[in-house]
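Written out below as structure tokens is the structure these notes cover.
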């Protein structure tokens, strides 16, 4: 029975050490977890604050590009119409 008692005591000691190590790991991780959560919240706040400005700037750029595209299309249509609507060259005079 002495062997069995010793094995039980060693198992209890090992279990206590494992629980202590787990608790110590948990305690050491808490500041890192809090810091990570704080940074994530700060990043989320920054993104939320900047998103409307970024969207507005993107819309302005898109509108400017659309106006440039419309002008280019208008110029192209004008050039094609001008090229296709030129009067025919005069016919040579006919012999009397």
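Bear in mind that the values in this text are calculations on the coordinates, not laboratory data. Predicted model, so just to flag it, every value in this text is computed and none were measured. We place every Cβ from the backbone using ideal geometry, glycine too, and count neighbours over all the protein chains shown.
A few points about this structure:
- In angstrom, the C-alpha Rg and Dmax of the stretch 3-96 are 40.1, 140.
- Highest GNM mean-square fluctuation among 76, 48, 84, for the chain modelled with Cα contacts below 10 Å: 84.
- If a spin label sat at a point 7 angstrom from the Cα of residue 23 along the line to its beta carbon, the backbone N atoms of the stretch 1-17 nearer than 12 Å would be those of 16-17.
- Taking 57, 22, 65 in turn, the Gaussian network model of the chain (Cα-Cα springs below 10 Å) assigns the largest fluctuation to 22.
- Straightening the chain between residue 10 and residue 40 buys 6.4 nm, computed as 0.36 nm per residue apart minus the Cα-Cα spacing.
- Fully extended contour minus Cα-Cα distance, from residue 71 to residue 48, at 0.36 nm per residue: 4.7 nm
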